[in-house]
Structures are given as structure tokens and as C-alpha cells.
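Data first, discussion second: the structure below is written as C-alpha cells.
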Amino acid sequence: MTKTDAGRFFEDFRIGEVLRHATPRTVTEGDRALYTALTGSRFALHSSDEFARALGLPRAPIDDLLVFHLVFGRTVADVSLNAVANLGYAACIFGVPVYPGDTLSAESEVIGLRETSSGKTGVVHVRSTGTNQRGETVLDYVRWVMVNKRDSAAPAPAPIAPELPEAAAPEDLVLPAGLDLAGYDPVLAGSDHFFDDYAVGERIDHLDGVTIEEAEHQMATRLYQNTARVHFNLHAAKDSRFGRRIVYGGHIISLARALSFNGLANAFRLAAINGGRHVAPSFAGDTIYAWSEVLGKFDLPGRTDLGALRLRTVAVKDRACADFPYRGPDGKPDPAVVLDLDYTVLVPRR
Amino acid sequence: MTKTDAGRFFEDFRIGEVLRHATPRTVTEGDRALYTALTGSRFALHSSDEFARALGLPRAPIDDLLVFHLVFGRTVADVSLNAVANLGYAACIFGVPVYPGDTLSAESEVIGLRETSSGKTGVVHVRSTGTNQRGETVLDYVRWVMVNKRDSAAPAPAPIAPELPEAAAPEDLVLPAGLDLAGYDPVLAGSDHFFDDYAVGERIDHLDGVTIEEAEHQMATRLYQNTARVHFNLHAAKDSRFGRRIVYGGHIISLARALSFNGLANAFRLAAINGGRHVAPSFAGDTIYAWSEVLGKFDLPGRTDLGALRLRTVAVKDRACADFPYRGPDGKPDPAVVLDLDYTVLVPRR
Amino acid sequence: MTKTDAGRFFEDFRIGEVLRHATPRTVTEGDRALYTALTGSRFALHSSDEFARALGLPRAPIDDLLVFHLVFGRTVADVSLNAVANLGYAACIFGVPVYPGDTLSAESEVIGLRETSSGKTGVVHVRSTGTNQRGETVLDYVRWVMVNKRDSAAPAPAPIAPELPEAAAPEDLVLPAGLDLAGYDPVLAGSDHFFDDYAVGERIDHLDGVTIEEAEHQMATRLYQNTARVHFNLHAAKDSRFGRRIVYGGHIISLARALSFNGLANAFRLAAINGGRHVAPSFAGDTIYAWSEVLGKFDLPGRTDLGALRLRTVAVKDRACADFPYRGPDGKPDPAVVLDLDYTVLVPRR
């Protein structure tokens, strides 16, 4: 019997099953530095201990998306090693902040199963939870993936689909304990646009583009200990549909978030991801641009110092975003779009 | 009105104006590790806490050029986003050492303005200052850039050019508090050549060459949170003069300094940059070599344990430096030269 | 007289000579993060402080191979700058664990010299020792390299070859002080295969492959401050035998060890390298696969909680390992094999 794990197939998942993932991960300043070098993130809260202390936090928390990728990375070996496609994310709430020295663990519960019409694959929904060494939740999200069946003749399970909220409710968002924006310095943050200044429907072109190199996306994905094969193996990819390595979709999310600094520098914390879809794959050599639209504005219970913006950020490849590419006249995604992300950020009020 | 910042144009600068730059930056061991991985620096003082303690310092200070790049990186969004060319540096003094955990902030004062004869661009001089969380100066330097005008019909300001010293005077150099070279171990430092052994006019071929990859210069430049567009965007660069991404000139300075270890391993601290010029752009695929010349030797007030060497280090691409390429018979730079750096280092005496 | 060091030639080595190497190195969380990003290592002990504490250690030790590369890196400038080939390793024992903040120094004793029949090169054996800031040994190993002679007419020294053990004896292995596997969690470690479950002669295909990029191997090798020229200089390599930069062999060892997680996740510590050979060079663009064979099983004196496995791990390029490629019918290495590593790991018992 082999000692290697070839990953789970669709038949291996059972509703209600809880998978405890391997390789707990202590997060460090080393991870933060690499995240900066790989994504170009410039948000002051994650860059400066002093800026964080001025807001009542003990030091600079780890970038929210770095936490997301680290938790996600734990789940891959058990959930998506045989995934054909990473279909989407939803119901993602960022919990207590993560600081250097914290150790993250993750587990996933199977909450949805549905065989596809071809009989060769199935869609698996999991709710994954990341916790720190004190058992506090740092992240909680649902994702669904299309997974190969080991044996296409295996019987289909009764289809179960989880109910998912359209977007996080303001009262579900987690604010870091002690957070107080009285000491917020917009010059150091890089923007004088506050919550009050954004309007629903407003669109923002983030202007810049950044070209992805193979070494960059491989290093990012390995930093997260995400072992999905499609990102690393050119020898095998040569015979695949795309003939090349595919960039981890989360890397695109991070690049888009980093680009969004220009226009959204005061969106100092990701509070939720309401829905996310990798519309098309990205490859080394692609240049990623991004634009955002304000989908909603929300007061937060008991807070006069900040509010929540619901945003759509769209990442696009090899094309500037002055005209906000999204869908064609036929309603289909513009062929340049690679990411459609609906999420909620915290922004200080004037 | 757009919320994105397209950068300042020549008309936007006013003499005497002080720009406080965004995104303060806590420096960490993660930054140091990346700097080592990206440049190959081997100077013992920056590599070993024990070596630093033997010299009276609390632990290994952050590499001087990493401090330079981090301070420089803060200034880009306000100073040089629309720069046509980064023309030069001068009057750069390294201040108190930076240690992991220190948080750096930067501001720049506009000290020179001169429209160019074309009327389409202007030269802006800024004095930029980096400070730590205690307000101590870690770096102070002047740079000048050629910046596009928004409107070529805009009137030219009265030309003002700052006076710049030819080189830092010995009494202007900042020695780290507590520094005592009695415990200096030349074997661990990697060289038995002391201050006493260098002669003015002496030239040193640093022998090795190192080839630059796109991922490397992009990661370095992002680590510094330097967002100048020309370094990252292949899609836009395709239509530019060079058709490719340009390597951040500071990366070349760091590579040249790392190469200079072979011959200058005891130049344990950069004390000043007297003048620097990126003679030609560098691109991924270029192999950088370097050589140095001793321009001057200086005693330091009250110190018998160390002296200062004024050096010229020349970086060259795709060509070894046994013959010290610099200028052709016509006085023009040798076409292989990419960097001409005049700086001052501290070196122990016997 | 030049101040640069062109490296030692065969004539420069003397039996019994001890070389103290330059640039002591403080190891940090930054190094760990980069090692993860560059190799994809997922072993829980090196990833999680909490996992390490559950085993009686103060925090997560630095990955054993990262320690190896850092010690090795120190030795290059004095031992192998003019090496034609890195012929092998043996008698390598990992000593006390290394933790972030420890500072490593290295020295090498020349223990073997033999001129080759061509008269143009010689084989040098050195025993290299890495120590921490308390003088404790963290690593001790023998390697031998083929080094150019400066002058082929120089007389050959009397040939001296060190005696080398075939493999480390169980009683020679160093167990971390305080190590107690009672708290070992195989789910977090990623495998339910214990010492008891492995059989001598068993072979394991590690399944995955990972493609090497130039930026990755250069960054890894620079992180280790290993300055061997063949890894960095494309301009010079163009005229060499291979026409390209050669990947540092240690990077292949690290990739193979990281791949071996799939099948050997409980091999939580490298205790010894009995012998290692880089069978063929690797280059950027190669996809590395690996498989392992269990060569031996050993009880450890006084321990019922763990045992030692002697393993052979073979790294292969551009070819999956389902059929365990090793030697052809002629006894020669399979042309795809790049690494043949014989080493000893610690594994918990049930």
C-alpha cells in the first residue's frame, strides 16, 4: 500500500465530515516582508507598528489577505488537490486580527455535495475555519470546488447545497478589539478620501498594472504552503489544457487589493468577502490591472469613527481600466476580466 | 472627481513645500532576509548580531542601502511618479543606525525647480529625510528628477538650484553611538585589508557578475514599496522607448555594493553618498559587474580605530571589469557603464 | 597587489589546515519564511511554534536543511570558489537545533588531498563544522570537491584520503534536548504513517513535481550567502560547458525533501546525511520529482517514542517517478536522475 496521498476524490467527501488540516503555521515578520515583496501592498496599518498603535492595536496586524491565503493553503491537500476548478468563495468573515507569533490552524466541514451532469465530477462546498493558538476564529469562509470522481460509475449522493448570504450583514463584521480611529492620520495612510466621500455606484480606476512572473506566483503560493499541482509543475502542465502553470487565484486577489491602494488607501481592513469568482485563469506574463465599484455603504453598530463599504473589485489582464471593463453587451464577462470580487472594507469617517 | 492619484506634475511643486509621505514602515528581520536573498550582501555587521555586539552595537543594524531604499520608496508616490528620469543623488548622509522593529517615516522638501528648454518637463530637487519612531534622522539626501509638465503652456517658475557639496566632510559623518572597533575580527569580516592598506587612486576589480531576473528586481522594488510604474508593467512598457521594464536604479546600487565585498569587505558602513548617477538603464537579463576606485582617505575627528574612504564604484553590464571601463577617449561614458556612484565608507584601521 | 580574492586553488590547501570562514550569520524568521517560499516545505515542526512546544522544544527550530545551506554557504569562498565539481557529502551529523536569533559560524579542516591523473585538478576533502553563538555544534560534515590547480606543473602532494563511515551509527545521532513525542499529533503532522509502518526496501513515489525558476535558485543561494559563480552569472556561463547558470545542488536537496512530505510527513527531523551525490546538474526550467527507498530501520538508545529510518531519496528531472528511476541495465545512473541522497531521519513510533 502506498504511503503517498493522491488527494480526495468526489466520492471521498461526506456531508458533515470535519477535516482537520495538517501543518499549523506560525505567522511571522518574515511572512509579512515576503507578502509586501510579492504583492506591493502599501496599506499603512499592515506596514507600520506605530500606525497600528495610534489606532489602539498592539502592533501592525498581518494583512487580511495573507491570513486568508495561509488558512486557504492549509485546506488544499484535503479539499482541492484533485480540483478541476476553484469555483467560488462566499460568506467569508475576517475574525480577530493576526499578529506575528500567532499560530494558525484550520479545519473544514463538508456542507454541500452535488454531482455534475457529466457524472465525472462533483461540486463540493466546504466551510473552512482558521483559528489562532487561543482557539479564536481568525477567518471563516465557504468555498466550492469542482472535484474529479475517482470512478465515474460511483453513485451520486443526494444533492445538498448550503444556503449562503448575499453579503455579510454589518452586525456580523468583526472589529479588532481596542480599535479607535481618533488617531488616524490620513497623510500617513495615503489618502484624504473618507467613508463620507464615497458614493454608491462610484467607480474607481486604480490606474496601475503589474506583470506576474513565474517565480513570484510560485513563491507566494509556496509561502502559503498551498500545494495545488497546477501552480508548480511545468512538465505536467505542458500536456494540460493551458499548456502552462496557472497562477493561484488568491495571488490575483492580493495584486488587485494592492493596486486598489490608489483610490482606496483608507480601506484599512478587509472585514468580509461576500463572493468571489476567478472568471478566467491568469498566467505568468499577464499584466494585472484593477478597478472598483462601491456597491454599498453601511453604518456599523455603535461606531461613529468608521463605516463599511461594500465593494466590487474587478481584476483585468493586459488592458487598462479607464472604461471599467466588466461584461460585454451579451452579458458575458469581458474576456479580459480574471477576477470579480465582492467584499466589505472598513473605512474611517471624517 | 476621481479618487485616484495620478502623481504630481512639474507645475504642482512649490519651492519650500514639505511633503509628508504615506505608509510609514516598520523594518524587520523579514526585510533583512529578503535583502540578503535579493542582493547577496555578505557584510558581517549586517549579517550577525554577535559581530555587531562585539563592536558595541545592540545587534546587527539594517543594511545602510536597505534603509536608503525604504526611505526612497516612501517618496516616490509624491515626487517621481511622473518622472521621466531619476537624474541624480547628492549630499546623502546616513544617520543613526536602523534596527529591526524601528519604524521609518519620510518627508521631502522641494529645494530646486528649473524648467527645461523643451518647455515640456522640469527638473525638481528635493531634500528627503527619513526618521525613526523617536524622530531621529536615519537618512538625509538630495535627489533630482526630471518631471513631466501637465501643460507645456504653463509658465516656467523662476529657476532655483540648490547648492550641493562636492562630498560629505568627515565631520558631517554620523558614527553609530557606542561603536568601538577594538573587537573587530577581520577573519569573520572576510578581509585583512584595513584603512591603512588602501591608497588614493587604487582601483579594485570586484571580479564577479550577477544576472538580474525580472522577479528579483520587482520583488526588491516592491519590498521598498516603491511604486514607480516603469519597473512593473510590461503591458505598458511594450509601447515605451525601451519596450521592457526598467530595473530600479537602487537595485543596481545594491548589487554593486554586494559585489564590492570582494575587495572592500571591511567597508562595514556606508556613511555618505556624495553623488550618484544612473548612467544607463538596466534590464532583466543584464549581468552586473563592478569595480571601485579610492578617491580619498580621511581621518575622523577623535577616532584612531577607523577612517573614511571616499570611493567611486562603477557598475557595468555584460562585461568584466579587469580594465576598469569608465569613459571612452571622447570623454563619454563607456557604453557598458550603468552606474557611477561616489560615496564614503567607514573602514577599521590596523 | 590586488585586494580581491580569486579563491583558493588546489596548491593552496594543506592537510590539517583549519579555515575560519567569514560572515557569521544570525538566523531569523525571515530566513524561515524565505525557505518556505522557495522550497514549499510543510513539515509541521518547522512551521509551528505550537507544534514544537507540544514536543518539548522552546519553539519551532529552523529547518535542518536551511541550517545545512547556511553553514555550507559560509565555506564556499574559502573552499570551492574554484571548484570544478562538488563531488559529494558524507558523515554529516545534525547537532543541536537552531532557533531564530542564533548566530552560526563555520570552520573547515582540510582532511584529504589527492591530485587527479590529469594533473590539472585535485580533490580536496574538508570537514566543516557549524557552531552557534554558545559554541555548540549545529552541523558537522565532510565534503569533497574537485578544485583547479593554479599551475598544472606544481608538484602533487602525498595523497591522503579520509576514512568515512558508510552511515551514521544510531548512537551518533543528536536528539534535541527535551524532545518528547508523547504530544505528537499525526493529523497536524499530516500523516498516519509511523516508524512502525515503514519496511526496509519499501519505495515511495512522492508524486509531485516542481519547476525551478532562475530567480528562485538565485534567491535561495544568495540567502545562504553562497557565492559560487556558476549559479549567478549568465554572461560568463554563456561560454561555459552548459551555456547556462547551474542550480546550487543544495536547492535540489531541499526541493526533494519538501516533495518527500507526501509519504514521509512524519520524518520530522534530519539526523544525518550519510552520503550525497549530485549525479547531474539542474537548470532553470527543470521540473524536479522525487522518490525514496527505506534503506534501514534503527532503534535509538533509550527511546521508545521514536526510531530512525535510513532513506535514499532520488531526485529526477522532467520525469515522474512511478517506476522509481535510478540506474539503467548498464548500472549507470538513469539520465533523468540529478540527486542520490542517503540520509537518516527521526520518525515517531506508534
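Throughout, read-outs are computed from the coordinates displayed, never taken from laboratory work. Computed from a predicted structure; not experimentally measured. Note that each Cβ is placed from the backbone with ideal geometry, even for glycine, and that neighbours are counted across all protein chains shown.
Excluding same-chain neighbours fewer than eight residues apart, the aspartates and glutamates reachable from A:Lys149 by a Cα-Cα span under 14 Å are A:Glu11, A:Asp12, A:Glu115. A Gaussian network model of chain A, with springs between Cα atoms under 10 Å, assigns the largest mean-square fluctuation among A:Val27, A:Val316, A:Val98 to A:Val27. Taken about its Cα centre, region C:180-312 carries a charge dipole of about 880 debye when Lys and Arg each add +1 at the Cβ and Asp and Glu each add -1 at the Cβ.
For region C:37-162, the direction-averaged projected area of the alpha-carbon convex hull comes to 9.2 nm². Would you mind checking the tilt of helix A:64-79 against the longest principal axis of the Cα atoms of chain A, expressed as 0 to 90 degrees and rounded to 10? Between the helix axis and the principal axis of chain A, the angle is about 10 degrees. Each copy carries a label point for A:Phe324 at 7 Å from Cα toward Cβ; from one copy, the others' points are 6.2, 6.2 nm away, ordered from shortest. Residue by residue along A:222-234, Cβ atoms of other protein chains within 10 Å of the local Cβ number 5 on average.
Report the local net charge at B:His46: Lys and Arg +1, Asp and Glu -1, summed over other residues whose C-beta lies under 13 Å from its C-beta. Local charge sum for B:His46: 0. The GluC sites (Glu not before Pro) of region B:71-147 meeting both criteria, a DSSP state outside H, G, I, E and B (loop) and at most 16 other C-beta atoms within 10 angstrom of the site's C-beta, are B:Glu136.
Here the dipole of the protein assembly as shown is about 1440 debye; that uses its Cα centre as origin and unit charges on the Cβ of Lys and Arg (positive) and Asp and Glu (negative). A helix-only calculation puts chain C at -5500 deg cm²/dmol for mean residue ellipticity at 222 nm, using -39500 (n - 2.57) for each DSSP H run of at least four residues, averaged over all residues.
Positive-end ranking of C:Thr39, C:Val174, C:Val124 along the dipole of chain C, with charges on Cβ about the Cα centre, is headed by C:Val124. Principal axis extents of the C-alpha atoms in the protein assembly as shown (largest first, rounded to whole Å): 84, 82, 47. Computed over neighbours whose Cβ is under 10 Å from that of B:Asp31, the net charge equals 0, Lys and Arg +1, Asp and Glu -1.
Residue-normalised convex hull volume from the C-alpha trace of region A:190-350: 124 Å³ per residue. Quick one: net charge around C:Tyr326, please, counting Lys, Arg +1 and Asp, Glu -1 for every other residue with C-beta under 15 Å from its C-beta. Result for the neighbourhood of C:Tyr326: -1. On C-alpha positions alone, give me the angle between the axis of helix C:249-259 and the longest principal axis of chain C, in degrees, nearest 10. For C:249-259 against chain C, the angle is about 10 degrees. Ranking B:Tyr184, B:Val67, B:Ala52 by Cα position along the charge dipole of chain B, where only Lys, Arg, Asp and Glu carry charges on their C-beta atoms, puts B:Val67 farthest toward the positive end. Using bins of 20 Å that start at zero, the share of Cα-Cα pairs per bin across chain A amounts to 30, 60, 10, 0, in whole %.
Separation of region B:11-40 and region A:85-113, taken as the distance between their Cα centroids, equals 32 angstrom. Here the Gaussian network model covers chain B, with springs between Cα atoms less than 10 Å apart; of B:Leu255, B:Leu139, B:Leu234, B:Leu234 fluctuates the most. Distances between equivalent label points of A:Arg350 across the copies, with each point positioned 7 Å along Cα→Cβ, amount to 7.1, 7.1 nm, shortest listed first. Inter-label distance, C:Ala156 to A:Ile15: 7.9 nm, where each label sits 7 Å from its Cα along the C-beta direction.
Under the definition of Cα pairs under 8 Å and six or more residues apart, what whole-number percent is the relative contact order of chain C?
19 percent
Averaging Cα coordinates gives a centre for region C:180-224 and one for region C:277-317; these two points are 9 Å apart.
Distance between the modelled labels on A:Glu109 and B:Tyr99, one decimal in nanometres: 4.8 nm (7 Å Cα→Cβ projection).
With the radius of gyration and the Kirkwood radius both derived from the Cα set of region A:293-350, what is their ratio Rg to Rh?
Dividing the radius of gyration by the Kirkwood radius yields 1.13.
The charge dipole of chain A, taken about its Cα centre with unit charges on the Cβ atoms of Lys, Arg (+1), Asp and Glu (-1) only, comes to about 980 debye. In this structure, B:Ala177 and B:Asp239 have a Cβ-Cβ separation that, at R0 = 45 Å, corresponds to a calculated FRET efficiency of about 0.30.
When you restrict to C-alpha pairs under 8 Å that are six or more residues apart and normalise by the size of region A:190-350, the relative contact order lands at 32 percent. Distance from the Cα centre of region B:236-255 to that of region A:245-260, in angstrom? Using only Cα atoms to place each centre, the spacing works out to 23 Å.
Tell me which of C:His231, C:Ile111, C:Val338 sits at the most positive position along the dipole axis of chain C, charges placed on C-beta atoms (Lys, Arg +1; Asp, Glu -1). After comparing all options, I get C:His231. Our analysis of region B:94-228 gives Rg over Rh at 1.05, with the two radii drawn from alpha carbon positions and Rh computed by the Kirkwood formula. Note on C:Lys297: lysines with a C-alpha under 20 Å away, same-chain residues under 8 apart excluded, are A:Lys3.
Can you give the angle from 0 to 90° between the axis of helix B:214-223 and the longest principal axis of chain B, with both taken from C-alpha atoms, to the nearest 10? With both axes taken from Cα atoms, the answer is about 90 degrees.
With its label point defined 7 Å out from Cα along the Cα-to-Cβ axis, A:Gly135 lies at 4.7, 4.7 nm from the matching points of the other copies, in increasing order.
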